[in-house]
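Everything below concerns the one structure shown next.
The values are calculated or read from the model by the stated rules, or taken from the named source; none is laboratory data. Predicted, not measured: the structure shown is a model, and the values here were computed from it. The accessibility values were calculated without ligands, DNA or RNA, using every heavy atom of the protein model including side chains. Shrake-Rupley method; radii C 1.70, N 1.55, O 1.52, S 1.80 Å.
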Amino acid sequence: MGDESHASEAVGREFAAEFRSFMRWVQTDTQVERNEVVSLIAEFLGATRARESVVTREWSSFEHVNLQTALNVWMAEEGRNVVVHGIALPPHFGGVTLQQLASGGALPPIQLCAPPLVDLPNGPGSTLACLQLALLLVSDPAGPYVLLVSAPREHERGLRIEVLGLPVSAAQAVVAEIDGLRGALNVYRSQLLEVVAFPHGGFDLRFMSVAPIERDGVVLPDQVLGRIERHAFGVAEHREALLTSGQHLKRGLLLYGPPGTGKTHTMRYLVAHMPQYTRLVLTGRSLHAVGSVTAMARDLAPAVIVLEDVDLVAEDRSFGNGSSPVLFDLLDAMDGAAADADLLFVLTTNRADLLEPALAARPGRVDVAVEVPLPDAAARRRLFEFYARGVSLQLNDEELGVVVDRTDGVTASFLKELLRRSVLESLGEQAPLVTAAHVSRALDDLLDSGQAVTRTLLGVGVDSSTSPSASLGPVPPSGRMRVGRWTAYPPRS
Ligand SMILES: Nc1ncnc2c1ncn2[C@@H]1O[C@H](COP(=O)(O)OP(=O)(O)OP(=O)(O)O)[C@@H](O)[C@H]1O
Ligand SMILES: [Mg+2]
């Protein structure tokens, strides 16, 4: 019996010791460390300033790098001293507000640390270290006050700055000044950017590099390319004159035509030659973000907004908002943009038939629609010669004529592929020369019945009056390809 009671006493003592140590842990590790941040603020501000309202301003998460650019300039301004502390939150905790830090109530376990930074692109080949969760102790003529910078993290999507320690109007002035710098120093201005949609709304911007495309690399009938250029570049050149005579600058250009004829290629040529413009490229899901992208583009004007393959949303319906087709939202966003803003919308599609009813119902958005056609004989010759640059080609004029004849109805991308395959055909042989025989073999192969899928991938189908499965079947006996029937915009009767 004695042994047993000793044993249970020992267990009791051990438990009590552990409990005391637990209580100490609760009080030290959480209590003391949370006080560390809270008392830092309290001491810095003093009782009166700590009782001011917290003023918050929020931005979209893609503005993070711009906000940091602004903060870096703002913090370095003459007469301002800023001490930056990082705040560490355990994993899985949402966020913390400046109000919580000021009152010390309902705090998650936090501690001071070196400021956590995320390295974000601020140009096509550069990055900027940006604060993620940081407390800024500011001393300047407005007096001591604190800023809390919270940026998107694991469980927090928002980007915000909170101000404590100043009367409301002075706090507003602080965020307004930082926001003004953000707008003025916007790193996205005059850049080529891809808009990437987040799965649950919102978007991000990615810097894209521009491959230089020269005019002679865009093989289109002269009047077609000329028209496109006049609409894109012409307005830019005469901006001032147009504005003085009360003409609007906002314009919409639709490029339509069969797949593989160079709509995307032409768009790339345009954006490569408009370096003074902020160029935003939307495609697929990011087309849904056109409204907010257009609003942003106004601040970054002059701007080009590219809506690639708009037919992709022609049959989508948006949620809420009377579930209007997304295409209508898109056209409304184009219309909502200020008319005097130098904004160019470039829309591309190979399904003008799907677009046509929406464009007819919402007139005035697209002022020029240009058909990008299949290459005619002259264009096929130019394309062949263009893609043969740098290839040791031994083809006389007559042989080239045969190639041009045999490729009636193919797309530009087909001719590019033909050259590549001709080079492949020649590689097995002694001399690195591409001859008529190589081109002919490559062409036979591409026109072969077994290559129907390849041709479809290159944008060359068979007559659409046959069933879709027939497109995988043999080509017409002539050995020539027929090209899928194409509905033009406006539809030809
Ligand atoms: N007119 C052209 N001149 C020179 N090269 C071209 C032309 N058209 C197409 N190409 C070449 O073929 C490639 C594919 O063409 P592109 O992606 O521009 O076709 P698309 O008209 O946009 O087709 P889709 O309707 O499928 O989007 C281009 O990257 C380019 O290399
Ligand atoms: Mg395209």
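Quick look at the numbers
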{"item": "Fraction of antiparallel bridges per DSSP, the chain only, in percent to nearest 5", "result": "60"}
{"item": "Percent accessible area from carbon and sulfur atoms, region 41-129, protein chains only, probe 1.4 Å", "result": "53"}
{"item": "Per-selection Kirkwood Rh - region 192-371 (Cα, Å, 1 d.p.)", "result": "16.5"}
{"item": "Å² of accessible area per residue within the chain, as computed with a 1.4 Å probe and no ligands counted", "result": "49"}
{"item": "Calculated P(r) tail over 13 Å for region 44-103, as whole % of Cα pairs", "result": "77"}
{"item": "Under the Karplus curve 6.51 cos²θ - 1.76 cosθ + 1.60, θ = phi - 60°, whole-Hz ³J(HN,Hα) for region 365-381, x wherever Gly or Pro sits", "result": "7, 9, 9, 9, 10, 10, 7, 9, x, 5, x, 7, 4, 4, 5, 5, 5"}
{"item": "Dimensions (Å) - region 49-169, Cα atoms, principal axes, largest first", "result": "44, 39, 25"}
{"item": "Calculated from backbone phi, Karplus (6.51, -1.76, 1.60) coupling profile of region 215-224 in Hz, x at Gly/Pro", "result": "4, 6, x, 10, 8, 9, x, 3, 5, 5"}
{"item": "Projected area, mean over directions - the chain, Cα convex hull, nm²", "result": "40.3"}
